[in-house]
1. Would you calculate a helix-derived [θ] at 222 nm for the chain, using -39,500 (n - 2.57) for each DSSP H run of n ≥ 4 and dividing by the full residue count, to the nearest 500?
2. Quickly work out the R113-to-S131 label distance, labels modelled 7 Å from Cα along the C-beta direction, and quote it in nm with one decimal.
3. To the nearest 10 Å², what's E322's accessible area with a 1.4 Å probe?
4. Please label the shape of region 289-392 as rounded, prolate or oblate, based on the square roots a ≥ b ≥ c of the eigenvalues of the alpha-carbon gyration tensor (a/c under 1.5 means rounded; beyond that, a/b larger than b/c means prolate, else oblate).
5. Just the accessible area per residue of the chain, please: how many Å² with a 1.4 Å probe?
6. Determine the gain in length on full extension of the stretch R350-S171; use 0.36 nm per residue of separation and subtract their C-alpha separation, reporting nm with one decimal.
7. For the chain, count all C-alpha to C-alpha pairs, find those more than 41 Å apart, and express that count as a whole percent of the total.
8. Residue-wise, which Karplus ³J(HN,Hα) couplings in Hz belong to region 102-116, taking 6.51 cos²θ - 1.76 cosθ + 1.60, θ = phi - 60°, and x for glycine or proline?
Amino acid sequence: MRFVDTMSAAVARRVALAAQGFAEQRPTSPPTRRHLAKVLSRTQLLQLDSVNVAVRAHYMPLFSRIGAYPTDLLDDAAWSDSARRPRMLVEYWAHVASLIPVEDWPLLRGRMRRYSAETSGYFGSVAGKQSLLADVLGVVKRQGPMGAGAIEDELGGEAKPKARGGWWNRSEVKRACEYLFAVGELTTGTRRGFQRYYDLTERVLPPEVFGRMIDDDEAARQLTAKAAVALGVATEPDLRDYYRISPPSSKQAVAELVEDGVLIPVDVAGWSAPAYRHADAKAPRKVAARALLCPFDPVVWRRERTERLFDFFYRIEIYVPEPKRVYGYYVFPFLLDDQLVARVDLKADRVAGVLRVPGAFLEPGADMPRVTVELAEELATMAEWLGLSGVEVGDRGDLAGPLRIACR
C-alpha cells in the first residue's frame, strides 16, 4: 500500500501560491526577458482574452508577480522575431486561447488532430472545403502575415472575386482561418491592436519544433506534469483543467506520474477529492505577497479550486445584467500574504486618465486598515504602470470609503 502524505489547508494554500511565484520578491531592477521566463516557468502559459476594460488578460499575471514592466517585453516575446531575440511564445488552445512557450507547441498536436477530424460543430461547415482552405493558405503564403479581413478581401469575399482565389462568403473565410489555426497549419504571426495576423506555422516556429512529433500519451503526461508544476498541489480535475485534457488521458497520466514519483498523493484537510503534490513543490513557512489578480489569472481561473484554497466564492459578472451584479463588471481579487482579502471592480478610463474603482469590498475577517493601505499602494502602482495619472474610487462596497481616503 502506498503511503499518502497529509497536508493542512493552510499549507496547501502556501504550496499553491509558491508554485505560482508569489513566495518570491518582485525584482528591484527593470524586468527583462529573464524575469518573463521565470514567471512562465511557474505559470506555464498566459491566457488570452479580448476584454480590455482594465488591461488585457495576458499582461496582468506578469504585473501581479513582478510589478510594473514594459508591456513591449511580452509583445516582443510573443509576436516578433529576430535573429538576436527569437520568439519565446506562440498562441494556441491550451487552457483556452493562450500564449505558451514555443517548445510546448508539439505537445498539443493531438488536439490539432482532433480538430482536423471534426465534421460537425463550429468547424463543420469549412472542414471539408479543401478549395477554400487551399485558397486561404495560398494567400497567406504569398502575402505574409494577414488579418482575416485582408484575406477575405484578397479572396473577393461576397463581392466580385479577384483573379486569385475563389468567391467565398466572408464568414466562411474567417472560419477557415480559425480552423487552419486549430489544426496547426496557421498561427499568429503578429498582432496589431489585438487583431490576429495569420502566418504559416512552419514560418513562425523553428524547424525542430514544427517537425517534432510526440505520442499522445506522452504529451498528456508532459502536460499533466507541467500543470502540477504550476499548481503545486491539486486534485486530478484541477490538473486536467489546466490544459483541458480529456478525463481518460488525465487519469492515466496522473497514475503514471505517481508511479514515476513525479506526483505524490496527499490528503489535504477539508478537500473531498484525493490530491497530488508535485515532487519539487515547495511549502514556504509564510507567503508575503501583494497582488491584484485579474479574472483570468491561473490562481483563480478554476473557481472550484479558488473556493477550496481560499474559501473565496468568485464568479466573473461580465455577462450578468448590471442590476443583478453583486460586485461589478470586471472584478479583481486582491491577494495579501496568503489570503484573498478583498475584491475591486476596475476600469481604466483612458480618456480621463485615471484608474476607476467603481466598487471595493472587504472579505469577512480581513484587517480593514491594513488591507486599505496595501490595496491603495497596489492600485497606485497599477495606475502608473498603465500610464494613468491616479486612482478614483467610487461608492460601492464597504471598502470604498476608506480606500477613497487612502488613495488621495
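The values are calculated or read from the model by the stated rules, or taken from the named source; none is laboratory data. All figures in this text were calculated on a predicted structure; none of them were measured in a lab. Every residue, glycine as well, gets a Cβ built from its backbone with ideal geometry; the counts of neighbours run over all protein chains shown. Protein only, heavy atoms only, side chains kept; ligands, DNA and RNA dropped before computing areas. Shrake-Rupley method; radii C 1.70, N 1.55, O 1.52, S 1.80 Å.
1. After summing the helix terms and dividing by residue count, I get -11500 deg cm²/dmol.
2. Result: 3.1 nm between the two label points.
3. So the heavy atoms of E322 present about 140 Å² to solvent.
4. On the way: a/c = 1.73, a/b = 1.23, b/c = 1.41.
Judged from the Cα gyration tensor, region 289-392 comes out oblate (a/c at least 1.5, b/c at or above a/b).
5. Working: 18270 Å² over 408 residues.
Using a 1.4 Å probe on heavy atoms only, each residue of the chain averages 45 Å².
6. Computed gain between R350 and S171 is 61.2 nm.
7. In whole percent, the share of Cα-Cα pairs in the chain beyond 41 Å is 20.
8. For region 102-116, the Karplus curve yields 3, 5, 8, 4, x, 5, 9, 4, x, 5, 4, 5, 5, 4, 5 Hz.
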